[in-house]
1. For the range 203-320, just the Cα set please: Rg and Dmax, both in angstrom.
2. How much accessible area per residue does the range 348-495 have, in Å², with a 1.4 Å probe?
3. Please give me, ordered by residue number, the GluC sites (Glu not before Pro) of the range 242-333 that lie in loop per DSSP and have at most 15 other Cβ atoms within 10 Å.
4. What's the whole-number percent of alpha carbon pairs in the range 300-438 lying beyond 26 angstrom?
5. Between ILE401 and VAL217, how many nm apart are label points set 7 Å from Cα along the C-beta direction?
6. With a cut-off of at most 15 other beta carbons within 10 Å, and DSSP calling the residue loop, which chymotrypsin sites (Phe, Trp or Tyr not before Pro) in the range 432-464 qualify? Please list them.
7. What distance in nm separates the two pseudo spin-label positions at GLU387 and THR336, each 7 Å out from Cα along the beta-carbon direction?
8. Can you tell me which lysines have their Cα less than 22 Å from the Cα of LYS472? Leave out same-chain residues fewer than eight positions away.
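The values are calculated or read from the model by the stated rules, or taken from the named source; none is laboratory data. Just so you know, these numbers come straight off a predicted model, no measurement behind them. Heads up, the Cβs are rebuilt from the backbone with ideal geometry, glycines too, and the neighbour counts pull from every protein chain shown. To get the accessible areas, we keep the full protein, side chains included, count just its heavy atoms, and leave off ligands, DNA and RNA. Shrake-Rupley method; radii C 1.70, N 1.55, O 1.52, S 1.80 Å.
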Amino acid sequence: MFVPYSLPPVHATRTVRSVCPARAGVAGLCAAHTCIRAEHCPSAWVLLVDIAGPCISSSSWEFIRKSHEMLLIEEKYKSIAKLLLSSGTCPRCVLRFCCVGSSASYRLPYKNLADELQKFLSNDGDIAPPSKKVRLGDSEECRSETEITRDTDVNEAPQTCNLCLGILQHLCSTEFVKQIFHKVQSAGYEFQDFVFSVSLPPQLLVRESVFTRMAVVKALDKITDDDFVTHFPWPPSSPKTTCQVIDIQCNHASVFVAGRYNKYSRTLPQTPWVIDGERKMESSVEELITEQLMTVFQADSFNFSSSGREDVDVRTLGRGRPFAIELVNPHRVRVTEQVMKDLQQKINSTDKIKVRDLQIVTREAVAHMKEGEEEKTKCYSALIWTEKTIRKEDVEFLNDIKELKILQKTPLRVLHRRPLASRPRIIHTMKSEYMDEHHFRLYLKTQAGTYIKEFAHGDFGRTVPNIGSMMKTTADILELDVESVDVDWPPALED
């Protein structure tokens, strides 16, 4: 379940996964009933929330405390921690900028974490020297680390952190977590785990470097000490106000339903037919299928796609045309096979279409429907009219033509929605069936993407060769049916 936010991006799940430190370190958060870990990256925050666990017991706190003492901050980062803390940085940001990757340290409530951090910084152990020599000269504004630490009391009511702008201070409280849980639980979704996504305030991105180490080193080499102090005063000022949650929204990941459909009407478009804002047909294949699905899955919207499309006056017979529907933000997702069978039966209650093999598929599986679409083949049955009188032997020569290569410019009838191009296509086989002096039926197996109507009448010479040119007459299609779409997807189901 995806929960987008106007404040930071947050992803919550029952699954507990390890967190790898990124550029500025890794932050883990904790509220009384919720274990949260944060992974910092240049573009977003990602929090993993364990919503299954109860309150942490006293024995668990003891384990966390011991782990915390062992994994808090390496000695070589001690001077950095003191400097950050003195500048108005909150304890959790101190941890992540000191590359603390253990989530146990972050699980402590704010006051407990502040106590542990103060205790650690007050310990006069051996401190490894900084790895890089500070090039800036001493100034009157700089004080010794001992003096800074002595004047700093992180147990007092914390000011707004100058790095996270209060996000890791105030948005980890029990009250805020309860607010999120109430929103999720009251949204009416079926789900087992969820993703809690937070969009970062732009100010936070400005304050935290997104450049590589080498880029920063090169930039520092080009700036003098005086210019650096002038343009980048230390420490950065703390904001007077904290980040506020603007909105909490809940959305569910899409559900994908696939199947094959037959179309028996010659007055039914595949998708709603609207021209200049005016609807031309009463319904469509898309609407007849999705109407039932939207009701059952309680989705907000849908996206319909298929393996090709037929014109409004073309029937689709045989095993039907593969299709897939993305149901956006569904509230119901636990659907049994029996429910899907019932859905299929309701869709098939009309005499205009019929659906088979209706099933839930993955997003990745939908891609198979489009893979190599132009390399697939399709079979058609066309009733063709000729201007001149014909005999049976006049159409028999078509039976002997194999792998006929044709060139088709974008048909005039679709130029309003397709780019102008010349497309080579292959007519694999043809079989003619003589009917009378002006009519014969032609069965074709072609490369997918072939415009069959244009292959019959030539489209004013835009398709060459064509039936009319080969028979040296004017020809046109009166009826066209799709007999098969040779795409082995989705998997066939038992009736």
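1. Just the Cα atoms of the range 203-320 yield Rg and Dmax of 29.0, 81 Å.
2. 55 Å²
3. Sparse-neighbourhood loop GluC sites (Glu not before Pro): GLU282.
4. I get 47 percent for the Cα pairs in the range 300-438 exceeding 26 Å.
5. It is 7.0 nm.
6. PHE460
7. 6.4 nm
8. LYS388, LYS392, LYS402, LYS405, LYS409, LYS431, LYS453
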